[in-house]
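As structure tokens, the structure follows; a few thoughts come after it.
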Amino acid sequence: MKALVLFTMMFCGLVATAQITTLEPGATAPGFSLKNIDGKMVSPENYPDAKGFILVFTANTCPYAIAYETRLVELDQKFSSQGYPVIAINPNPESLSKGDSYEKMQDKVNEASFSFPYLLDEGQSITNLYGARVTPHIFLLQKEDNNLKIVYTGAIDNDTEDINPDKIKYVENAIASLEKGEAIETASTKSIGCTVKRPAIE
């Protein structure tokens, strides 16, 4: 019976995710204002001097998300001063993932020493606008006039286990191209991670 319930939940989650359209490079990035772990609302407007953002949809308990926590902190430490800070969003509702509760998010920030905002997307409105499918899922944003444009989406790199010294660092390479005024060679990759927990669509 437990196996059947688990399968049903997984199937419903996949059905819901299948109906989500992921925004592609070149699309205008939706704005947002979401609650941080300190209770304050955070939006891109809080960063008037930023050139763009490393926006990541991530979660507390997903093994893939956990594997990339240190690398997210390193990205923020390296690129925040260059105008590309990290902003993390948790898309998973507590009702479907107890480990992704707001209280657990607060614990995660302390445990993983996050140097960036970790926001809760209650109702998944922003998650669905971007079309985030897994955790982690990266959307690299660039300021263009008064808008934000998506210039890269996908994985942080091609080495989930962080064991290959010759890994391809997709996000870092994309920002390097932006800084040089060059076209991003690889603007989209496949995100590998845990499926975003979405309620079944009735």
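Values in this text are rule-based calculations from the coordinates and carry no lab data. All of these numbers come straight from a predicted model, not from anything done at the bench. Here the Cβ positions follow ideal geometry from the backbone for every residue, glycine too, while neighbour counts run over all protein chains shown.
Considering the convex hull of the alpha carbon atoms of the chain, report its projected area averaged over all viewing directions, in nm², one decimal.
Values: hull surface 47.3 nm².
Convex hull of Cα atoms, orientation-averaged projection: 11.8 nm².
Find, among the GluC sites (Glu not before Pro) in the range 75-159, those assigned to loop by DSSP (not H, G, I, E, B) with at most 14 other beta-carbon atoms within 10 angstrom. Could you put the intermediate results ahead of the total?
Numbers: sites: GLU94, GLU103, GLU111, GLU122, GLU144; in loops: GLU94.
Within the range 75-159, no GluC sites (Glu not before Pro) qualify (loop, at most 14 other Cβ atoms within 10 Å).
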Would you mind telling me the antiparallel percentage of the DSSP bridges in the chain, rounded to 5? 70
Just want to confirm a number: the relative contact order over the chain, from Cα pairs under 8 angstrom separated by 6+ residues, in percent. 30
From the C-alpha gyration tensor of the range 107-151, square roots of 5λ in Å: 23, 15, 11
Alpha carbon Rg of the range 66-152, scaled by the compact-globule rule 2.2 N^0.38 Å: 1.13
